[in-house]
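Here, each number is a calculation from the coordinates, and none is a lab measurement. Only a predicted model underlies this, so the values are computations on that prediction, with no experimental measurement involved. Counting neighbours? That spans all protein chains shown, and the Cβs are built from the backbone with ideal geometry, glycine included.
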Amino acid sequence: AGPDARRRDAGNAEPLSRSGNAADGSAPPSDGRADFRHGLLSQDPVLARAIRLRNPYVDPMSALQVDLLRRWRAGGRQDDRLLDALLATVNGIARGLQNTG
């Protein structure tokens with residue numbers, strides 16, 4: 001896909017609300033981290049450990065992605081260098097999460 005298709009697709013993502021709630025209305029834990037002792041992750045200690053180990057690496061990329069997306073949108077979605085950097089964060093986060101979604 002060319003730059004125009006990438007620009008159109010990247011601009012259609014639904015952002016979280018200001019409160020940080022997802023589209024389904026669910027809220028993250030109060031401290032922003034998953035609770036590994038209770039809830040869903042308590043039944044899967046391997047997954048809980050994997051998430052705990054990857055978060056220090058994925059979280060900064062997520063923060064960078066938010067900043068890049070804000071700057072790209074503020075610039076009228078015209079800066080291909082910002083778009084390339086934004087897409088690189090998408091790929092980096094997907095690799096850090098060990099999936100493509």
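At 7 Å along the Cα-to-beta-carbon direction for both residue 43 and residue 64, put a label point, then send me their distance in nm to one decimal.
About 3.6 nm, to one decimal.
Go through region 55-63 residue by residue and turn each phi into a ³J(HN,Hα) via Karplus (6.51, -1.76, 1.60, θ = phi - 60°); whole Hz please, and just put x for glycine and proline.
Each residue's phi maps through the Karplus curve to give 4, x, 9, 7, 4, x, 5, 5, 5 Hz.
Taking 35 Å as R0, compute the FRET efficiency from the Cβ-Cβ separation of residue 74 and residue 97 and round it to 0.05. Please report the intermediate quantities before stating the final value.
On the way: r = 27 Å, r/R0 = 0.77.
My answer for the efficiency is 0.80.
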